[in-house]
1. Along the Cα→Cβ direction, 7 angstrom out, place labels at A204 and D155. What is the inter-label distance in nm?
2. With +1 on each Lys and Arg Cβ and -1 on each Asp and Glu Cβ, how big is the dipole of segment 129-285 about its Cα centre, in debye rounded to the nearest 20?
3. With the crude spin-label approximation of a point 7 Å out along Cα→Cβ, what separation in nm comes out for E41 versus E245?
4. Arrange the following residues from fewest to most other Cβ atoms within 10 Å of their Cβ: T252, T140, T262.
5. Just to verify a number: FRET efficiency for D99 and R27, C-beta to C-beta distance, R0 = 22 Å, to 0.05?
6. Ranking request for peptides 46-57, 102-113: highest mean number of other beta-carbon atoms within 10 Å first, then the rest in descending order.
7. Under unit Cβ charges (Lys, Arg +1; Asp, Glu -1), what dipole magnitude, rounded to 20 debye, does segment 224-286 have relative to its Cα centre?
8. Could you line up T256, T10 from fewest to most neighbouring Cβ atoms inside 10 Å?
Amino acid sequence: MSGPNSPPRTSGYLDALSQAIHKKLQRALANSSQRRNLLQELFADIALEVDDRAKDVIFHKEEDVISPAIDAIDGPLCFYDVLADYFVRVPESGKPILDMIVQLWSQSFASHIFSLLFHKWMFEVHLDNPEVLLRIDIQTNTRRFQSIFRYLLDDVALHHSRLNKIPLQAQRDMYLLLSRFILFYNSAGKVDSFLKQCPVFQTAFLVGGPADIFVSELTDQLQKLKVEPVLLHYLSEIKVLQGMELRMTTSTRLKTCLYSFTSPGGPMYPTRAVRHAAWDALDFLFPVGWAVPSASHKFVLQVDLSMVLAILLLELCGFLHSGNLLLHTGADIFYVGKDCKTKETINACLSRVLCTCIEPKSSLADQHDCLAS
């Protein structure tokens with residue numbers, strides 16, 4: 001039962017692994033009291049990294065046959081990587097395992113085992129909640145399931161002909177999933193291409209276009225992160241958003257999220273490193289209006305004043321736009337003390353509230369142009 005590209009020794013080894021998996025699933029099906037433990041053990045086994053001795057057998061050097069998995073994966077190579085490729089080449093070896101998983105589907109770890117072994121069969125069967133696997137990498141700050149993400153991104157989401165083969169709702173779910181993890185798996189350079197493949201969303205008129213949907217999912221992901229190295233990684237990679245045109249609501253949500261990481265204490269309780277990284281991200285993406293006074297009471301005053309001015313400007317926005325007018329800030333409107341410059345505060349609020357494009361630099365003239373448009 002050799003695959004077309006596999007030497008006998010390699011196929012024999014992978015076939016033996018397949019049979020061992022099948023036997024363990026049979027034991028789990030027959031033994032209800034030990035079912036969960038057996039499935040958990042199987043999940044851990046196939047997620048193990050392939051050791052050097054096994055690599056010599058799987059990638060038989062004398063025969064110059066290398067599985068596609070070893071070329072495509074730049075992280076750790078795990079057993080599920082090799083088996084997933086093998087089941088694509090030799091599907092008859094995977095069908096008995098798939099039949100057993102279907103019978104155990106309601107049990108813990110059954111869907112995870114399926115996702116690992118058959119994630120490349122997603123055009124034939126439904127891939128159940130791969131986010132659970134990717135979130136394991138987030139919680140442990142590892143890239144053990146990176147190959148699943150890379151397959152979904154490179155071989156499906158960015159592959160137009162394959163993408164069109166799956167149902168529209170599955171395309172939407174995958175777009176949201178990849179939006180949450182694309183920065184974690186060091187794929188920021190592919191964001192532009194990824195946004196161009198965004199499927200049609202029925203709620204687009206409410207939430208915005210591909211960039212708005214992407215940033216909204218990314219913002220939600222940031223708020224859930226609890227592992228400091230992972231959060232720092234996201235904050236360093238988030239600079240790829242510079243230049244994206246976003247709706248005001250999307251931009252404000254992102255600013256608010258980043259701003260929540262700049263202050264010590266609840267609800268985020270960020271470390272000093274996270275606070276500095278959040279300020280760096282804010283300064284890079286929104287260079288106007290984020291200077292913090294040295295005294296804490298001035299900081300509170302500035303936040304309160306910004307909120308008042310934001311509400312005021314939202315009320316005036318329709319009038320200014322319909323009348324094709326510019327808000328002149330040459331004279332002080334509010335006097336709050338010599339240490340708080342109202343003119344600068346109003347200019348900052350104009351950029352925050354009315355400008356929905358994240359720009360590298362924002363001059364006063366650019367703000368006026370944005371307001372007039």
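1. Here the modelled spin labels are 2.9 nm apart.
2. On the way: 18 positive and 14 negative charges, 39 e Å.
Its charge dipole is roughly 180 debye.
3. 5.9 nm
4. Values: T252 15, T140 11, T262 18.
Listed from fewest to most nearby Cβ atoms, that is T140, T252, T262.
5. On the way: r = 15 Å, r/R0 = 0.69.
With a Förster radius of 22 Å, E is 0.90.
6. Values: 46-57: 13.6, 102-113: 16.8.
Descending mean neighbour count gives 102-113, 46-57.
7. Values: 8 positive and 5 negative charges, 45 e Å.
Taking the Cα centre of segment 224-286 as origin, the dipole is about 220 debye.
8. Working: T256 11, T10 21.
So the residues, fewest neighbours to most, are T256, T10.
Since every read-out is calculated from the coordinates, none of them should be taken as a lab result. This structure is a prediction, so every number in the text was calculated from the model and none was measured. Glycine also receives a Cβ, built like all others from the backbone with ideal geometry; neighbour counts cover every protein chain displayed.
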